Amino acid sequence: MQLILLGTGCPKIDYRRFGPSNLITSKKSIILVDCGSGVTQRLEEAKISSANIDALVLTHLHSDHVVDFYQLIISSWHSYRVKPWKIYGPKGTKKFLNKIMNAWKEERELRIKYEVRASVNAFKLEIIEFGKHGKIKIKDIDLEFFKVDHFPVKHAYGFNFFNKKKKLTISGDTKPCENLIKYAQKADVLLHEVYVEGEIKSLNKMRSAKTLHNVKAYHTSSKQVGKVASLTKCKKLVLTHFVPTKFNEKKLKNIVKRDFANNIIIGKDLLKINI
Ligand SMILES: [Zn+2]
Ligand SMILES: [Zn+2]
């Protein structure tokens with residue numbers, strides 16, 4: 001398998017770190033996890049056509065993870081996609097994505113009529129919502145989904161990807177959580193989100209101490225993520241979803257190193273990791 005980090009940022013704008021998205025490829029499968037801001041541009045940079053993606057998998061419905069959904073769909077049509085989209089996501093995904101499709105319905109119908117392209121299958125969505133825990137086969141990849149703790153978001157998921165006896169775990173957005181530690185055991189690669197402590201210093205009219213406390217409280221902090229990784233006994237820890245997007249990388253690595261002795265990688269957009 002190969003993991004490509006398409007976007008390693010958060011809602012904050014940073015041209016080096018686009019919104020959260022990851023791509024998993026194997027011999028037969030291409031799976032996109034989340035579709036944050038700039039996902040289609042990053043796919044293009046990674047030379048992956050959205051016409052060929054087998055499944056879109058959503059960790060949760062926070063806007064930074066789904067904001068480019070319609071752009072993904074419409075550009076896949078323009079990339080000659082001829083198969084419907086298979087989409088897996090948490091409870092509420094069907095209603096939410098259908099609302100987005102409806103918002104653009106008139107514009108889309110006009111376009112379809114005017115552009116007379118051979119297929120409109122790219123606009124067909126097959127949406128499957130996750131239960132608590134389970135497994136899905138996507139060609140040669142087995143995807144396992146499990147709940148993580150991103151309260152007050154009710155339905156947030158982490159994923160395992162299995163291919164050729166290798167295991168990749170993706171944390172999704174979560175605070176330190178027992179379920180993640182349980183399912184991420186002995187992963188070859190653990191891709192984990194992180195809130196970088198001490199990097200957002202100033203408070204202002206828009207950002208109170210309570211704001212900072214609450215943002216940190218539903219993520220995993222730089223002081224916690226090494227402990228989590230160590231409890232999973234994973235071989236390699238890759239950090240992503242940096243809040244904030246600008247921080248001292250060396251300092252972060254040194255903090256995580258205190259608790260996790262194996263390989264630590266500070267993620268970057270378009271970084272490829274072979275698993
Ligand atoms: Zn979130
Ligand atoms: Zn997020």
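So which of Val215, Val256, Val225 is away from ligand 2 (no atom under 16 Å from the Cβ) and open to solvent by less than 50 Å² (accessible area, probe 1.4 Å)?
Values: Val215 fails: away from ligand 2 (no atom under 16 Å from the Cβ); Val225 fails: away from ligand 2 (no atom under 16 Å from the Cβ).
Answer to the check: Val256.
For the stretch 1-34, which positions are free of Cβ contacts under 8 Å to residues at least 40 places away in the same chain, open to solvent by 30 Å² or more (accessible area, probe 1.4 Å) and away from ligand 2 (no atom under 16 Å from the Cβ)?
Tyr15, Ile30
Considering each residue of the stretch 230-254, count those that are of a type in the set (A, V, I, L, M, F, W, C) and either without any contact (Cβ under 8 Å) to a residue 40 or more places away in the chain or in contact with an Asp or Glu (Cβ under 7 Å, 6 or more places away or on another chain) (or both), and give that number. Before you say what the answer is, go through the steps one by one.
First, the residues of the stretch 230-254 that are of a type in the set (A, V, I, L, M, F, W, C): 231, 234, 237-239, 242-243, 247, 252.
After this cut, where a residue has to be either without any contact (Cβ under 8 Å) to a residue 40 or more places away in the chain or in contact with an Asp or Glu (Cβ under 7 Å, 6 or more places away or on another chain) (or both) as well, the list is 247.
Residues in the stretch 230-254 being of a type in the set (A, V, I, L, M, F, W, C) and either without any contact (Cβ under 8 Å) to a residue 40 or more places away in the chain or in contact with an Asp or Glu (Cβ under 7 Å, 6 or more places away or on another chain) (or both): 1 in total.
Could you please give the count of residues in the stretch 54-73 that are open to solvent by 20 Å² or more (accessible area, probe 1.4 Å) and touching a Lys or Arg at 6+ places or on another chain (Cβ under 8 Å)?
Residues meeting the conditions: 1.
Report, by residue number, each residue of the stretch 169-196 that is of a type in the set (D, E, K, R) and open to solvent by 50 Å² or more (accessible area, probe 1.4 Å). Steps first, answer last, please.
Taking the stretch 169-196 and keeping what is of a type in the set (D, E, K, R), we get 173, 175, 178, 182, 186, 188, 193.
Lys175, Glu178, Lys182, Lys186 - these are the residues of the stretch 169-196 that are of a type in the set (D, E, K, R) and open to solvent by 50 Å² or more (accessible area, probe 1.4 Å).
Return only the number of the condition from (1) away from ligand 2 (no atom under 16 Å from the Cβ); (2) open to solvent by 40 Å² or more (accessible area, probe 1.4 Å); (3) of a type outside the set (Ser, Thr, Tyr); (4) out of contact with any His (no Cβ under 7 Å at 6 or more places or on another chain) that Trp77 does not satisfy.
(2)
Can you tell me which residues in the stretch 147-194 are hydrophobic (A, V, I, L, M, F, W, C) and away from ligand 1 (no atom under 16 Å from the Cβ)? Quick ask: steps written out before the conclusion?
To start, the set of residues in the stretch 147-194 that are hydrophobic (A, V, I, L, M, F, W, C) comprises 148, 151, 153, 156, 159, 161-162, 168, 170, 177, 180-181, 184, 187, 189-191, 194.
The answer is Phe161, Phe162, Leu168, Ile181, Ala184, Ala187, Val189, Leu190.
For the stretch 134-144, enumerate the residues that are in a strand (DSSP E or B) and under 22 Å from Ser50 (Cβ atoms).
We begin by selecting, within the stretch 134-144, every residue in a strand (DSSP E or B); these are 134-138, 141-144.
If the condition is that a residue be in a strand (DSSP E or B) and under 22 Å from Ser50 (Cβ atoms), then Ile136, Lys137, Ile138, Ile141, Leu143 are the ones that fit.
Which residues, counting only those in the stretch 80-123, are exposed (fewer than 12 other Cβ atoms within 10 Å of the Cβ) and hydrophobic (A, V, I, L, M, F, W, C)?
Ala103, Leu110, Val116, Ala118
Could you tell me which residue of the stretch 115-133 is nearest to Trp77 (Cα to Cα), considering only residues that are assigned to a helix (DSSP H, G or I) and modelled with pLDDT of 95 or more? Talk me through it step by step, then tell me what you get.
Taking the stretch 115-133 first, the residues assigned to a helix (DSSP H, G or I) are 115, 121-123.
So of that shortlist, the ones also modelled with pLDDT of 95 or more come out as 121-123.
Details: Asn121: 8, Ala122: 5, Phe123: 8 Å.
Residue satisfying both the conditions and the ranking: Ala122.
Test Leu203 against the stated conditions and say whether it is away from ligand 1 (no atom under 16 Å from the Cβ), free of Cβ contacts under 8 Å to residues at least 24 places away in the same chain and open to solvent by 50 Å² or more (accessible area, probe 1.4 Å).
In short, yes.
The values are calculated or read from the model by the stated rules, or taken from the named source; none is laboratory data. Only a predicted model underlies this, so the values are computations on that prediction, with no experimental measurement involved. Please note: Cβ atoms are built from the backbone with ideal geometry, for glycine as well, and neighbour counts cover all protein chains shown. Heads up: the accessible areas ignore ligands, DNA and RNA and are worked out on the full protein's heavy atoms, side chains in. Shrake-Rupley method; radii C 1.70, N 1.55, O 1.52, S 1.80 Å.
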